[in-house]
């Protein structure tokens, strides 16, 4: 049996030459139409703040995300100074992250 998910996620790419933005990371992760309703940056930031509050994450806390994709979830934490790291099935998405 062929592993189609591996092919799908490794086809996703970003422009490694440009400085990533939250929007470019969301698109690389697959949150772009027509595959999703088009996640908005403001909603994503609110989601991150909600998770941070629920888990009592402070700027001094280190975060590791398993299945990080291009790093969109970790990006807001990185911007506020948290040490972040991630691993993912897709080598292309990890390069973006």
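The values are calculated or read from the model by the stated rules, or taken from the named source; none is laboratory data. Because the structure is a prediction, the values reported are computed rather than measured. No Cβ is skipped: glycine too gets one built from the backbone with ideal geometry, and neighbour counts run over all protein chains shown.
Among the residues of the stretch 36-85, the one identified as part of a loop (DSSP other than H, G, I, E, B), without any contact (Cβ under 8 Å) to a residue 12 or more places away in the chain and within 14 Å of the chain's Cα centre (by Cα) is 40. The set of residues in the stretch 53-74 being modelled with pLDDT under 95 and either on the phi > 0 side of the Ramachandran plot or surrounded by 21 or more Cβ atoms within 10 Å (Cβ to Cβ) (or both) consists of 67, 68, 69, 70, 71, 72, 73, 74.
Taking the stretch 4-34 as the range and being in a loop (DSSP other than H, G, I, E, B), surrounded by 10 or more Cβ atoms within 10 Å (Cβ to Cβ) and either on the phi > 0 side of the Ramachandran plot or at pLDDT below 65 (or both) as the test, the residues that pass are 12, 13, 14, 15, 30.
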